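So the structure is just underneath, and the comments pick up after that.
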């Protein structure tokens, strides 16, 4: 079972790359949220791999960190009706933070805005994963800078994040663009930023 690949990117497309490791080129499917973080062709990269082996197909799915792979694994293995391709679409349209926030807040409407995700599938995602998300399979909150003593409750992070997304969408942003802008704003400002500061920063990157 392939758990990770560390090698050189020799081909790169939006949702698929070829990484050469040990003299072998591996074709790996990646979501947009992973491909946008990868270096260019000829550069070294490490991917955490989720492998699918079936009678009629073999496929590798790659992620820049272990937490993303584990969340992808949860979607595929724990939610009925969600396969690797649908999970890849979810990861391409929403950041992991946004997916977790929507599940934690039981926001089926937000989840169903992803192509191929209807209301029933969104509700299944919430029912089957909400306990795992709320028990902390990974932190929704942005990392606290080293040396910071700020301690913001996780539910407050979740509320601020979702409110900022909703505000940008009300201003005409599409869901993936709003998600990306808010994530960048929170990374720049840190965990103690107010909702107003997050929105202002997202509007003025």
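The values are calculated or read from the model by the stated rules, or taken from the named source; none is laboratory data. Note that the coordinates shown come from a computational prediction; the quantities given were computed from them, not determined experimentally. Heads up, the Cβs are rebuilt from the backbone with ideal geometry, glycines too, and the neighbour counts pull from every protein chain shown.
The table that follows gives values for the structure above.
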{"read-out": "Of all residues in region 126-148 being in contact with a helix residue (DSSP H, G or I) (Cβ under 6 Å, 6 or more places away or on another chain) and at pLDDT 90 or above, the one that is surrounded by the fewest Cβ atoms within 10 Å (Cβ to Cβ)", "value": "128"}
{"read-out": "Residue check for residue 10: farther than 28 Å from residue 161 by Cα, buried (at least 18 other Cβ atoms within 10 Å of the Cβ) and outside the structural domain of residue 166 (by TED's automatic domain parsing)", "value": "no"}
{"read-out": "Flag for residue 71 being modelled with pLDDT of 90 or more and either crowded, with 18+ Cβ neighbours inside 10 Å or farther than 18 Å from residue 29 by Cβ (or both)", "value": "yes"}
{"read-out": "Candidate set from region 31-56 (those that are under 21 Å from the mean Cα position of the chain (by Cα) and over 20 Å from residue 74 (Cβ atoms)); member that is surrounded by the fewest Cβ atoms within 10 Å (Cβ to Cβ)", "value": "40"}
{"read-out": "Residue 28 being in contact with a strand residue (DSSP E or B) (Cβ under 8 Å, 6 or more places away or on another chain), modelled with pLDDT under 95, under 15 Å from residue 7 (Cα atoms) and crowded, with 18+ Cβ neighbours inside 10 Å", "value": "no"}
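Per-residue answers, yes or no, for (1) surrounded by fewer than 20 Cβ atoms within 10 Å (Cβ to Cβ); (2) at pLDDT 85 or above; (3) not assigned by TED's automatic domain parsing to the domain that holds residue 33:
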| residue | (1), (2), (3) |
| --- | --- |
| 99 | no, yes, yes |
| 160 | no, no, yes |
| 171 | yes, no, yes |
| 174 | yes, no, yes |
| 189 | yes, yes, yes |
